[in-house]
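Here the structure is laid out as C-alpha cells; the discussion comes afterwards.
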Amino acid sequence: MATEIVLISLLKILVVVLTILTCVVFLVYIERRVSAFVQNRVGPNRTGPYGLLQTVADVVKLLMKEDIVPRNAYKAIHDLAPIISIGVALSTFAVIPIGDTIELFGRQIKLIIADVNVGILYILAITSLGVYGITLAGWSSNNKYSLLGGLRSSAQLISYELSMGLSIVGVLMVSGTLQLDKIVQHQTTYLFGWLPAWNMFLQPIGFITFVTAAFAETNRLPFDLPEAEPELVGGYHTEYTGLKFGLFFLAEYANMITASAVITTLFLGGWHLPYVEYVGLSSFILSLVYVGTFCVKVAAVMMFFIIIRWTLPRFRYDQLMNLGWKLMLPITIINVLLTGIVLLILH
Amino acid sequence: MNVETIFFYLLGAVFVGSALMMVTRRNPVIAALYLILNFFCLAGIYLTLHAQFIAVIQILVYAGAIMVLFVFVIMLLNLSDERRLSEAISFKKIVAGGLSVALLLELLYIFVYRKTDLPTLNAERSIEIGTVESIGRHLFTKFLFPFEVTSILLLAAIVGAVVLAKRRLD
Amino acid sequence: METLVADIWRSTPLVLLTLVGLIALLVEGSGKGRAAAVYWISLVGTIASFVLSFLSLNTEEAAFNDMILQGGYAAFFGMIFTASAFGTLILSRSYLRRLHTERGEFYVLIVFAAIGMMLMASAIDLIILFLGIEVMSICLYVLVGFLRTKLTANESALKYFLLGAFTTGFLLYGIALIYGTVGSTSFRAISAAFPAVSNQPLFLLGAAMLVIAFSFKVAAVPFHMWAPDVYEGAPTPITAFMSTGTKAAAFAAFVGVFLGAFQIAGSKLSEVIALAAAASMIIGNVVAISQSNLKRMLAYSSIAHAGYMLSGISAANREGETGILFYLATYTLMNLGAFGVLSWVEQKDDTKLTFDDYAGFSAQQPFLAALLSIFLFSLAGIPPFAGFFGKYYVFLAAVKADLTWLAIIGVLTSVVSVYYYLRLVMMMYFQPGGATVEEPPAQMAFIAVTCAAILVVLFGIYPSLIVDLTKEFLNI
C-alpha cells in the first residue's frame, strides 16, 4: 500500500512537471506572438508551422551554449541560484488541485499531488523563498547591475508578500479552511441559486489585491524592476549564460503558470465548471471536463498576464514602494475587517 | 527504527552541522545561507513532530521574511569577509569556553541518562495539537491575552524603529 | 464573551493605560506639533491608572484564563510603575524642551514601557512574563538611544540592546527548560510540581537561566556591567526611569517567579541568589566610591541597592517580601528625586555631572540642595528617612532566614556607601563655589520632586503606611 502511494505520487509529480515544462515552451511562443500583435509586428513565424517551433529552437540553442562564470563570482552560489529559482517555481504546484478525483484502473485518484492541511500557507511559504534565487544570483555575480536587481527584488517581494498573505485571509475567512481542495469545493455552490460562488465575487477587493501582488511576486511588468533592461542591463541574470540562464527563464514562466493556477484555485472556482453537474455526464468524463476547465481558466489568466505586460509601463521604484505599503496593505487590512463584519452579521 | 526516527537524526545532523557552519563562516552572506538551511531543518523536525502549522510558519516567517531582510541588509551594507580578530586567547575566553562545555555536558547527561525525568506526551495527542485548527482555537481562547499583548509588543517595536531610523524628525 | 468583559473590567489599570497609550499614539500621528497633547494625555493616563491600581489593592483575582493576577501585588507594583512613569514624564518634558528634541513618541514609549512593567508584575504565566519584559525592554532600548545625534546615547543604547537581546536568550531558554520539566508555563502548575522537580538537573538549569536573566534586568553582580554605561549615556529622566520603574518591575518578576512559582527557601537557588546579593553589595558600593560622574555613581549605587533587595529574595520569607516591596516603593521616590535634581543642574552638553560641579550649591539653591540631601541621606539608609527602613526589613529577613552573614555584609557595605553619598552633601554645603541650575525647573517637576522628598520623610517616620498595604495580599 505504501509503495503504491509513493508510486502514484511520483507519477503525478512527473505528469505535472512535464506538463509545466511543455507549457512554458508554448507560453513563450504565445507571449511573443501577442507582443508582436500588440506592437503591430509579425513575431516569430519561420521555424515550424506558424513559428511554433521557435522556442524549441531557442531551448536547443541555450542548451548548447557555453556556461560562463565571471572570475570574481562566488561559484557555488552562482550555480545554486537558478536551481533555487526553478525548484521553488515547480514545487508550489504540489498543493494545487488540478481536478476533482478521477477513476483510473479501478482506483479513485485525487488530482492533487499533496493534499496537505496547510495548503495556502505552503504556497505562501514556498513563494516567499523564490526571492533567494534572484537575490543570490544578483549577489554572487559580483556585478553592480546584478546586485541592484537582486536588492530590488528582495525589497519588492518583502513589500508585496504582506499584501498577498493578507488578501488570502479574506478567502480563508469565507471558506473556513486552509486546504486548497476544500476551498475549491466551497466554490462549487451557487449564490442566490445562479451565481457561481467563486471567491472572485465573494472577495472582489481581495481578488484585485491578490492579482496585483501576484504580478509583483512573479516580477512581471509593471513590476519587473529586478530585471529592468533600460536601467540594469539584464538585472540579476546579467552574468548568466547558457543552461543557467535558461533555468531562470524557465523559472519566470513557471512562476507565471503557478501564479495563474493559484489565482484560479483561490478566486476563480478552481476546476469547477458551473452547471456542468446538471448535465449528467459519467463520472470519468466529468473528471476530464474538470481538468479541462482548470486548464482553460489558467490559460485565460495567463493571457491576462501577457496582455498586461505589453500594455502597461513599468513603475518607478518609489511608486512601487508607495503602492505596496501605503495603498495595498491598508486596503487588504480593511478587506479583512469588512469580511469579518459581514460574516459576523450573516451568522 | 522507523522512518520518523531516521528523519529526525538526519535532520538533526544537518541542523547541528549548518549551525556550526553558520558560526564559523567568514562571509556574512554564506553564514546567513547556512542559517536558512538551519531553519529548514528545524521546520523538518517540527514536521516529524506533527506540528505542520509551526513548520510552515517557521519557513514562511523566518526563512521567507526575516532572513530575506537579513540578506538584503547584508548586501546593502556590502559587508566583505570578516577579518580575523586579533584578540589573543584571554582568561575570559577560557572561562566562557569552559562554562559552555560544562553546559553542553550537563544537557547531554540529562537527555541521555535522565530521560525519565521528563514528562511524556503521547503521539496521538501531538497530532491533534499540531493542526491549524487546534492552534487557532488555543490562540483565540486560552492564549488570547498573550496574543493581544504580542500586538502591543510589535506596535512598540515599530514605533521605536521608526523613531530611531527616520531620517528627519520634524 | 461575558468572562472576557469581566476580565477586562478586572484589569482596568492595565487596560486603561494601554488605551491611553494607543490614543496618545493616534494623536501624535494625526498631525505635527502634537507633542504637548501627547504629554498631557500620557500624564492623565498614568494618574488614572495609579488611582485605579490603588482602588484595586484589596481585591486579588486572576484574569484572562489565569494569565495575569490583578489587584493586590500587581496593583501595588502598578502604583510604583505609574508613579515612576509619571515622574519620568514630568522630568522628560523640561529636559527634552531644553534640548529642543521634544517628540510625542518619547512619552508614548514611556507609557508602553509602563504597560510592560505592569504585565511583569501581574504575570502568573511565564509567557506573559516574557512578553512583559520584552515590551518594557524594547521601549527602553529606544528611549535610551533617543538622542540620536549624541554618541554616548548611541553607545549605551547599542550596549543595552545587544546585552538585553542576549539576556532574552537566557530567559527563553530557561522558560523552555522549565516547561520541559513541568509541562506547563503557569505559575500555579509550576508551584504544584515544584517539590517533585526541584532537584532535577534540568529544572535547576532552567531556574539558573532565569536567575541570570533577572540578575541582568535588576543589574546585579556579575551581570551588572551594562548599568554604568547605559545610565551615563541615557537621557537623565530615562536613567531615573530605568533605575526606578525598570528595577521595580524586574524585582516584581523576580519575586513573582522565585517566591511565587518556586519555593526556594533553604534551597540551592536561594544560596545562589544570596551570593549574587553579597557580590552586588560589595562591588556596587566599593566601585561607586571611585566614580566622579554622578550618573555613574548612582548607577553603581543602584547595583548595590539591587544587592540589598536580593538578600530579601534569598531570605524567601514574609519579612523579605514585605521588605522588598517597601524598599522598592521608597527607592523609586528617592531615586526619581535625586535624578530629577541632577537633570536640572546638568548642562546640554552632558557636563556639570561631577561632584565638583556641586560646590556651593546650597548657597545658590538652598531648597534644591536640601531636597537632594534628603534623597541622598535616604539612599544611604540614614534614619529617619525611608531608605533606612527598607534596609532594616530586608536585613531582618535575612537574619530570620539564617543568612546572618549576608545581613552583616549588607550593614558593612551600607557604611561604605555613606561615604560617597555624603561626599556630595559635603560638596554642596561646605565647599565654596557657584554651582546652580541651568534654568529654573518647571513648576510641575519642582512640585513632584518636592512631594517625593516629603513622602521619603513621611514613609521614614511611618513605614507602616506601606507595610500595612502589603499585608493584605502577601501570604508567604
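Readers should treat all values here as calculations from the given coordinates under stated rules, not as data from a laboratory. For clarity, every value in this text was computed on a predicted model and none was experimentally measured. Because the Cβ atoms are built from the backbone with ideal geometry, glycine has one as well, and the counts that use them run over all protein chains shown.
In a reduced charge model with +1 at each Lys and Arg Cβ and -1 at each Asp and Glu Cβ, region C:264-476 shows a dipole moment near 320 debye about its Cα centre.
Within the straight-line cut-off of under 17 Å between alpha carbons, the lysines reachable from C:Lys352 are C:Lys150, C:Lys295, sequence neighbours fewer than 8 places apart in one chain being disregarded.
So which lysines can A:Lys297 reach, going by Cα to Cα under 27 Å and dropping same-chain residues fewer than 8 places off? List returned: A:Lys12, A:Lys110, A:Lys182. If a spin label sat at a point 7 angstrom from the Cα of B:Leu155 along the line to its beta carbon, the backbone N atoms of region C:78-106 nearer than 16 Å would be those of C:105-106. Helix-only arithmetic for chain C: the sum of -39500 (n - 2.57) across DSSP H runs with n ≥ 4, divided by the residue total, places the mean residue ellipticity at 222 nm at -25000 deg cm²/dmol.
Taking 18 Å as the cut-off, the amide N atoms of region C:419-454 that come nearer than this to a point 7 Å along the Cα-to-beta-carbon line of C:Arg97 belong to C:437-450. Between C:Thr351 and C:Glu271, the FRET efficiency from the beta-carbon distance, with R0 = 60 Å, is close to 0.85. With the simple spin-label model, which puts each label point 7 Å out from Cα in the Cβ direction, the A:Val60 to A:Ser283 separation comes to 4.6 nm. Note on C:Leu465/C:Ala6: beta-carbon distance plugged into 1/(1 + (r/R0)^6) with R0 of 30 Å gives a FRET efficiency of 0.40. In this label model, C:Gln443 and B:Leu144 are separated by 4.6 nm, measuring between points 7 Å along each Cα→Cβ vector.
If each residue of separation counts as 0.36 nm, what is the full-extension length gain between A:Gln185 and A:Ile8 once their alpha-carbon separation is subtracted? Let's see the in-between values first.
Working: separation 177, 0.36 × 177 = 63.72 nm, distance 2.29 nm.
Fully extending the segment from A:Gln185 to A:Ile8 adds 61.4 nm.
What shape does chain C take by its C-alpha gyration tensor, where a ≥ b ≥ c are the square roots of the eigenvalues and a/c under 1.5 counts as rounded, a/b above b/c as prolate, and the rest as oblate? Show your work: numbers first, answer last.
Values: a/c = 1.62, a/b = 1.22, b/c = 1.33.
Here chain C falls in the oblate category.
Placing a pseudo-label 7 Å from each Cα along the Cα-to-Cβ vector at C:Phe54 and C:Leu422 gives an inter-label distance of 3.6 nm. Normalised by residue count, region C:53-188 yields a Cα convex hull volume of 98 Å³ per residue. Rounded to 0.05, the FRET efficiency of the A:Asp318 and A:Leu346 pair, given R0 = 41 Å and the Cβ-Cβ distance, is 0.50.
The mean sequence distance of close C-alpha pairs (under 8 Å, at least 6 residues apart), as a share of the length of region C:264-476, puts its relative contact order at 30 percent.
Note on region A:71-346: along the principal axes its Cα atoms extend 64, 48, 34 Å, ordered by decreasing extent. Computed from the Kirkwood radius of its Cα pairs, the Stokes-Einstein diffusion coefficient for the protein assembly as shown at 25 °C and 0.890 mPa s stands at 77 µm²/s. Label zone (B:Phe111, point 7 Å along Cα-to-C-beta; backbone nitrogen cut-off 20 Å) within region C:153-188: C:169-184. Protection proxy ranking for C:461-469, B:56-64, using the average of other Cβ atoms within 10 Å per residue and placing the highest first: B:56-64, C:461-469.
Would you mind ranking A:Arg41, C:Arg103 so that the residue whose beta carbon has the fewest other beta carbons within 10 Å leads the list? Kindly include the intermediate steps, with their values, before the conclusion.
Details: A:Arg41 10, C:Arg103 17.
So the residues, fewest neighbours to most, are A:Arg41, C:Arg103.
Candidate cross-link partners of C:Lys217 among the lysines, defined by an alpha-carbon separation under 16 Å and a same-chain spacing of 8 or more, comprise C:Lys159, C:Lys247.
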